[in-house]
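Trainee: Can you keep this structure in mind? I'll have questions shortly.
The values are calculated or read from the model by the stated rules, or taken from the named source; none is laboratory data. It should be emphasised that the depicted structure is a prediction, and the values quoted were computed from it without experimental measurement. Positions of Cβ are generated from backbone atoms using ideal geometry, with glycine treated the same way; all protein chains shown enter the neighbour counts. The area values use the complete protein model at the heavy-atom level, side chains included, leaving out ligands, DNA and RNA. Shrake-Rupley method; radii C 1.70, N 1.55, O 1.52, S 1.80 Å.
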Amino acid sequence: MPDPARPAVVQGVLERITYANEETGYTVARVDTGGSDLLTVVGALMGVQPGEALRLRGRWGSHPQYGRQFHVDDYTTVLPATVQGIRRYLGSGLIKGIGPKMAERIVGHFGTEALEVIEEAPERLIEVPGLGPKRTRLIADAWEEQKAIKEVMVFLQGVEVTTSLAVRIYKKYGDASIDVVRKEPYRLASDVWGIGFKTADTIARAVGIPHDSPQRVMAGIQFTLSESTGDGHCYLPEEKLISAAVKILQVEAGLVIECVAELVATEGVVRETVSGPGGEPVRAVYLLPMHRAEIGLTSGLRGLLDAPADRMPAFAGVDWDAALDWLRARTGAELAEAQREAVRLALSEKVCVLTGGPGCGKSFTVSSVVTLAAAKRAKVILAAPTGRAAKRLTELTGVEALTVHRLLELRPGGEATYDRDNPLDCDLLVVDEASMLDVLLANKLVKAVPPGAHLLFVGDVDQLPSVGAGQVLRDLLDEHSPVPSVRLTHVFRQAQDSGVVTNAHRINGGEPPHFQGMSDFFLFPCEESEDAAEMTVDVVARRIPRRFGLDPRRDVQVLTPMKGGPAGAANLNSALQAAVTPAGEHVPERRFGGRVFRVGDKVTQIRNNYEKGRNGVFNGTLGVVTGIDTVAQEVAVRTDEDEEISYDFAELDELAHAYAITVHRSQGSEYPAVVVPVTTSAWMMLQRNLLYTAVTRAKKLVVLVGSRRALAQAVRNATSGHRHTALAHRLRSVGAG
C-alpha cells in the first residue's frame, strides 16, 4: 500500500469526469492507468477532457464510501504516443472541428504522426478524405488556441480561476493574458464577464498585490457601486458608499475617502449633490455610465416635451367627440372616461404615461390609440422590453412590435444604431411593459425618438421595478413630474369573472386572495419548504397537464421569490428538469460545472451579451435548447424571439435553467399558467409587489404552493425598498425652470 504522506506521481488516460464544480475547479474523475480497474482521482483538474493523457502529482488516500483515491495537487498533459491513444485524444471533443469519426480518419491516414502533423504541418490535413481547406484551418486554429489556453490555465490554476473564466481571459487578452493577470488583476473585473471584484481580489492576493494598495481600494469602490446597481440604485450616498467599501475591503475609512477623491479627480466616478426622497441634499456618487444615462434621459424627455414641431398635427384641433364616435363604430366598444382621457393625451401630448392593473383596459386603450393614429396615416412603432411582451403587443394591435433592443439595433459593445443623430422614422412610439425599463435602456430609447414625435409609456407601476438600475416608470409618475399621465382603476365586468384578475387587485389592495369557488386560482397548503418544493414539481409535471391539458414546458412557469432554499429557483430547476426533461439514451446532453444541459431544456440568458444574435441577447431572454453538437462544441438555443443562438461549450455559464425563475426575471412575460411557491424560508423576500407581479404574469391559471402564514406576510408587506435615483428630482428641477 503506498504511503499516503509521500508525494507520488501517476500517469494515465482520463476516461470520464464524474463530477466537476465550475466555481472551484474541484473535479472527480476516473483514469485508466493500464491496470484492471479505473483509478478515482480528485482535485483541481481545470480544463481536462476525457481522452487526455495526464501526469498527475499528489498523494494517495482512501474514502470511506468510494475507497482508494488519488488526491491531485497539480498535473500536466502528456501527448499520447500510441495510435489508440491519439485516436481517443483527438476524438474527445478537445479540438473544435474533430469528433470521433474525423479522429478515426486522421489517425487512419497519418498513424502515430497525426499529432505532429497538426502541430507542425496542419496544411497536410487536407490529405484526409472529407477535410477541406476551411475545416483544416478551423482545426489548426483550435489546436493553437487550446494549447495557449492550457498554458494560461496552468498559470491560473494557482490563483483559483475556473476553466470557463480562463478561456474568457485568454479570448480577451490573448498572449498578454498572463501579463495582465500578474500586473493588473483588477482590470479583469471590468473587462471579463463572470469575474467580479472578489475573484479579481483573490487573484491579486495570489500575485502579491498589497491589501491596502490604492489599485485595490479604487477597484473595490467601483465594485461597491456596481453591486448597488444590481439592487436598483443609480448612485450611493457618499457616506453609505464609504461604509460599504470599508466593510468589503477591510481597510481604514480614511484610505477609502482618499481613493474616492482620486476616482472623482480621474473621472472614474462622478460626485454630485442631488435631492433625496424628502427633498434633503444628498452627496451622491455615481458610476460614470449611470450618471450619463440619468442626465441624458432627463434631457431627452425634456427635449421631447418642449419640441416646437409636432409630427401628428392632425390631433391638435381634432373634434374628440367625433373621433371617439368613429372609434366606437369601428371597434364596437365604448371607452370609459379615463380611457378616453388616455387616448386624448397620447395623441395630443408629446410624452405621456398610461398605467393601471390587469383588467382595467390598458390593452384596449393602446389598441384605440394605434387605430386612431393609423387613421390619420401616422407612422406608428410599437416596442416592449421582452420578446414575449412584443409578441403580445403584436397580437393585440395587429401591428408588428419589436423588442427595444431589436428596434434600436444595438451593436456589439451596446451602442445603438438609432440615436439622436440617426433617429427612428416614427410619429408615435408606444412602449409597453415600461416598468421593466431601467435608466440605461430608457436613455437609449428616448435618444432615438425624433423631435416632434409622440412617446407613450404603458405599464403597471405597482409591479416590481426594473431588474436594472432606476425606477423609470415610477419616477415619470412622480406627483411633481412634468410628464402627463392617466391611471386606469376601473376593472371591467368581463375581467371580474377572472379569479386571476380579481385576486391580483385584492393582493395589490392589501387583502388576501379568495380561493373558494375559483376555477383558475388555487392554493396547495404546505407548511414546510421541502414539501412545497415537492408539491410544486407534482403540480407542474402532473396535475396541471392532467386537469387543464397544458404542456409543462411550454405553458407552465414556476416563479419563485428567491434563488436559494428548498423552494428556490436553483433547487426547483434540478427537480423539474428531472421530471420534465429526464436523461435518456437518445437525449443529447452537455455537463457544465454542476449543471447538465439537455435538448428540450427550458433556459434563460443571465447576462447582456451584445456580441450574440442579430442585435444581442439580453438578461432574462428565455429559450429552449434545440441541439448539442459535440464536434463543433456548441449548444443551439431558440429564443422566445424565434432566433437561433449558438453557445460555445465554454459560454454555458451565460445560461441557466428556466423551469423555475425568480419573479424579477418574469417581468414583461405572460404565461398560460403560473405556479408560485410561497414559503416562510423566503420571509425577507415576501413583498406585496412581488406576489402581485407573479400573479399578473398568468393569463389563465395561478397555483400558489406553500403556507397561509407566508402568503399573509407577502400580502401585508407593502414595503418595496427605496432606490437611490435622482431622475424624478431632475425632471422636477428642469420642469420648474
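Trainee: Using only Cα atoms, locate the centre of region 376-410 and the centre of region 433-463, then give the distance between them in Å, rounded to an integer.
Mentor: Computed from Cα coordinates, the inter-centre distance equals 13 Å.
Trainee: Also, I was wondering about something else. Less than 19 Å apart at the alpha-carbon level, and either on another chain or at least 8 residues along: which lysines does that give for Lys147?
Mentor: In chain and number order, the partners are Lys96, Lys171, Lys172.
Trainee: Rounded to the nearest whole Å², what accessible area per residue is found for region 376-460 with the 1.4 Å probe?
Mentor: 36 Å²
Trainee: Using the structure shown, list the pairs from Lys391/Lys700; Lys376/Lys444; Lys101/Lys134; Lys376/Lys447 with a Cα-Cα distance above 23 Å, or answer none.
Mentor: Lys376/Lys444; Lys376/Lys447, as the Cα separations exceed 23 Å there.
Trainee: Given region 355-510, what percent of its DSSP beta bridges are antiparallel, to the nearest 5?
Mentor: About 5 percent, rounded to the nearest 5.
Trainee: Please sort 574-587, 620-633 by packing, taking for each peptide the average over its residues of neighbouring beta carbons within 10 angstrom, highest first.
Mentor: Answer by packing, highest mean first, reads 620-633, 574-587.
Trainee: Okay, next question. Do any GluC sites (Glu not before Pro) in region 317-407 lie in a loop, going by DSSP, with at most 12 other beta-carbon atoms within 10 Å of their beta carbon, and if so which?
Mentor: Sites meeting the loop and neighbour criteria: Glu334, Glu400.
Trainee: Computing the accessible area with a 1.4 Å probe over protein heavy atoms, can you report the carbon and sulfur percentage for region 551-655?
Mentor: Roughly 47 percent, rounded to a whole number.
Trainee: Next question. Which GluC sites (Glu not before Pro) in region 475-567 pass both tests, a DSSP loop state and at most 14 other beta-carbon atoms within 10 Å?
Mentor: Those satisfying the criteria are Glu479, Glu527.
Trainee: Another question about this same structure. Of the beta bridges DSSP finds with both residues in the chain, what % are antiparallel, to the nearest 5? If you can, show how the numbers build up before the last one.
Mentor: On the way: 62 of 104 bridges.
So the antiparallel bridges amount to about 60 percent of the total.
Trainee: With the Cα gyration tensor of region 254-343 in hand, give its eigenvalues times 5 under a square root as the equivalent ellipsoid semi-axes, listed largest first in whole angstrom.
Mentor: Largest first, region 254-343 gives 49, 16, 11 Å.
Trainee: Run the numbers for Asp421 and Ala261: contour at 0.36 nm per residue of separation, minus the present Cα-Cα distance, in nm. Mind dumping the intermediate values first?
Mentor: Numbers: separation 160, 0.36 × 160 = 57.60 nm, distance 3.48 nm.
Result: 54.1 nm gained on full extension.
Trainee: For region 385-471, build the convex hull from the C-alpha positions and give me its volume per residue in Å³. Don't skip to the answer; put the middle values down first.
Mentor: Details: hull volume 8.9 nm³, N = 87.
Given the Cα convex hull of region 385-471, per-residue volume reads 102 Å³.
Trainee: Between [x] 67.4; [y] 37.0; [z] 38.8, which matches mean projected area of the Cα convex hull in nm² calculated for the structure shown?
Mentor: The value matching this structure is [y].
Trainee: Where the centre of each part is set by its Cα atoms, how far does region 601-631 sit from region 59-128, in angstrom?
Mentor: 31 Å
Trainee: Based on DSSP, what percent of beta bridges with both residues in region 606-726 are antiparallel, to the nearest 5?
Mentor: Of the beta bridges lying entirely in region 606-726, close to 65 percent run antiparallel.
Trainee: Could I ask something else about it? What FRET efficiency do you get for Asp231 and Arg709 if R0 is 22 Å and r is their Cβ-Cβ distance, rounded to the nearest 0.05?
Mentor: Values: r = 27 Å, r/R0 = 1.23.
Taking R0 as 22 Å, the efficiency between Asp231 and Arg709 is 0.25.
Trainee: Distance in nm between label sites at Ser275 and Asp551, each 7 Å beyond Cα in the beta-carbon direction?
Mentor: Modelled inter-label distance: 5.2 nm.
Trainee: Helix-derived [θ] at 222 nm for the chain: sum -39500 (n - 2.57) over DSSP H runs of at least 4, divide by residue count, nearest 500?
Mentor: When only DSSP H runs of four or more count, the value is -11500 deg cm²/dmol.
Trainee: When the chain is fully extended, how far beyond the present Cα-Cα distance does Gln516 get from Ile606, taking 0.36 nm per residue of separation?
Mentor: Values: separation 90, 0.36 × 90 = 32.40 nm, distance 3.86 nm.
Answer, rounded to one decimal: 28.5 nm.
Trainee: Separate question: Using only the Cα atoms of region 241-291, build the gyration tensor, take square roots of its eigenvalues as a ≥ b ≥ c, and label the shape rounded, prolate or oblate: rounded if a/c is under 1.5, else prolate if a/b is larger than b/c, else oblate.
Mentor: Numbers: a/c = 2.24, a/b = 1.39, b/c = 1.61.
Since a/c reaches 1.5 but b/c is at least a/b, the shape of region 241-291 is classed as oblate.
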